[in-house]
1. Roughly what % of DSSP beta bridges within segment 128-247 run antiparallel, to the nearest 5?
2. At residue 165 and residue 220, where each label point lies 7 Å from the Cα along Cα→Cβ, what is the point-to-point distance in nanometres?
3. Which whole DSSP H helices in the chain pass both tests: a Cα extent of 18 Å or more along the axis and a mean Kyte-Doolittle value no lower than -0.5?
4. Take the solvent-accessible surface of the protein heavy atoms, probe 1.4 Å, and return the percent of it on segment 160-236 that carbon and sulfur atoms account for.
5. Does the chain come out rounded, prolate or oblate by the C-alpha gyration tensor, with a ≥ b ≥ c the root eigenvalues, rounded set by a/c under 1.5 and, if not, prolate when a/b is larger than b/c and oblate if not?
6. So, with a 1.4 angstrom probe, what is the percent of accessible area on segment 1-79 that is carbon and sulfur?
7. Loop only by DSSP, 13 or fewer other Cβ within 10 Å of the Cβ. Give me the GluC sites (Glu not before Pro) in segment 1-81 that pass, ordered by residue number.
8. I want the antiparallel fraction of DSSP beta bridges within the chain, as a percent rounded to 5.
Amino acid sequence: MRIQTGIEGFDELMQGGLLSERVYLVSGPPGSGKTTFGVQFLAHGAALGDVGLYVTLLESPQNIIDDMSNYSMNVIPLIKMRKLLFADLGPRMEYGYMDEFNGSELSHYQVSRTSLESEAPSPAMVFKEVAAYVAEYDVKRLVLDSVSAIRFTTKDISLQEKEMTRFIRNLKKLGCTTILIGELTDPTAYSTEQFAAHGVIFMHNFLYDKNMTRAIQIIKMRGTKHDCNMRTVQFTDRGLKIEGYLE
């Protein structure tokens, strides 16, 4: 079964969409379109009836919602219909954040909890919370932003790799089509999550011929033919749009 992302020009690069109930990594530098990719993927599914959950470990849900509301994705209506959910699993916010957030017009529609820890959450804690949301709301599409914000319980690199592999293997059992957002800036700097994920999509943002250029590239995609070439990306009123080869 193929899962359409709703990103114009992207699904055609891999025979019609993502394979369902798998885990994919979308990584890249700041400003490359990772958050837009994730929300666009969820909003498209929500419009088709699939409940989508955006789990943030860094940015506040309200900021993401405000930013994404500038697109014609119907983010606010989908939130009110409880087809698009946001969960905050990051460190507890200070300076009156919760008071401000609870007073917002969206507070009755959003799913939001904050970690009781003062530091970044561990993989085990994140999985436990995510699994609870998936079961309670019958989530079909999941975005986790970002794996870089997860705190490991050990400083041993080899044990960290095992911990991340275990985390991703457990995500695969949830029955969701999952997108992990990563902060890698070099597609050749391979990480544990790149090896463990079913697919790796890299978002580029770089200076090319005196112009800042955004592009997308499928580095890896198990179980399907896919285009590995770099394609240009444009931000439109409806979100990301994938265009032709980078020349």
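The values are calculated or read from the model by the stated rules, or taken from the named source; none is laboratory data. Since this is a predicted model, take the numbers as computed values, not measurements. Ideal geometry is used to build each Cβ from the backbone, glycine not excepted, and the neighbour counts take in all protein chains shown. Just the protein is used for accessible areas: all its heavy atoms, side chains included, with ligands, DNA and RNA removed. Shrake-Rupley method; radii C 1.70, N 1.55, O 1.52, S 1.80 Å.
1. 75 percent
2. Distance between the two pseudo-spin positions: 1.2 nm.
3. Long hydrophobic helices here: 34-47, 123-137, 157-171.
4. Summing carbon and sulfur atoms, their accessible area is 48 percent of the total for segment 160-236.
5. In terms of gyration-tensor shape, rounded.
6. Answer for segment 1-79 is 47 percent, counting heavy atoms of protein chains only.
7. none
8. Restricted to the chain, the bridges split so that about 45 percent are antiparallel.
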